[in-house]
Amino acid sequence: MSIVAVKVLCTVNAPYGTAFSAEQLASKISDPASAVSFDPSAFSFFSEVDEKLQILFLDEMQVDPTAASDLARKFSALAGYPLPLARAA
């Protein structure tokens, strides 16, 4: 596992006591259903992981940046404050 994935997963998994893999998280951060279900891991990725690390993770996991940005915008609207990737795309 890369250092990027390790850093992201530690940030996302630790607060919630989860053990998602990089692949599972990649699926969550590109699935619009994550906003509908208020997925805490996906929200944690967009709100707690450093923006540069988010971008590296998206690239490493081959997540469509437009899909991730769209989801970040949905979470931003739900949270009521701007998230870094919500303004990207």
Sum of -39500 (n - 2.57) over DSSP H runs of 4+, divided by residues of the chain (222 nm, nearest 500) | -18000 deg cm²/dmol
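Sorted by average packing, counted as other Cβ atoms within 10 angstrom per residue and highest first, what order do 25-33, 9-17 take? Could the numbers behind the result be given before it?
Details: 25-33: 18.7, 9-17: 14.3.
Averaged packing, sorted descending, gives the order 25-33, 9-17.
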For Arg87, placing the label point 7 angstrom along Cα-to-beta-carbon and taking segment 44-62, residues whose amide nitrogen sits under 13 Å are 51
Provide the net charge surrounding Ser30, with neighbours chosen by a C-beta distance below 14 Å and charges set as Lys +1, Arg +1, Asp -1, Glu -1.
-> -4
With all pairs of different alpha carbon atoms counted, what Kirkwood hydrodynamic radius in Å does segment 3-87 show?
-> 12.3 Å
Nearby aspartates and glutamates by direct alpha-carbon distance to Lys7 (threshold 19 angstrom, same-chain neighbours under 8 apart not counted) = Glu23, Glu48, Asp50, Glu51, Asp59, Glu60
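Compute the signed sum of charges (Lys and Arg +1, Asp and Glu -1) over the other residues within less than 11 Å, Cβ to Cβ, of Ala86. Please list the in-between numbers first.
Details: positive: Arg73, Lys74, Arg87; negative: Glu51, Asp70.
Net local charge, Ala86 excluded: +1.
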Segment 22-47 and segment 6-21 have their Cα centres apart by a whole-number Å value of 12 Å
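Quick one: compute the contact order of segment 3-87, relative version, from alpha carbon pairs under 8 angstrom and 6+ residues apart, as a percent. Can you show the working numbers first?
Values: 89 pairs, mean separation 26.2, N = 85.
After rounding, I find 31 percent.
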Charge tally for neighbours of Asn13 with beta carbon under 14 Å away, counting Lys, Arg as +1 and Asp, Glu as -1, is -1
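Any read-out appearing in this document is the output of simple, stated calculations on the displayed coordinates, not a laboratory observation. Small disclaimer: the values here were computed from a predicted structure and weren't measured. Using ideal geometry, Cβ is built from the backbone for each residue, glycine included, and neighbour counts are taken over all protein chains shown.
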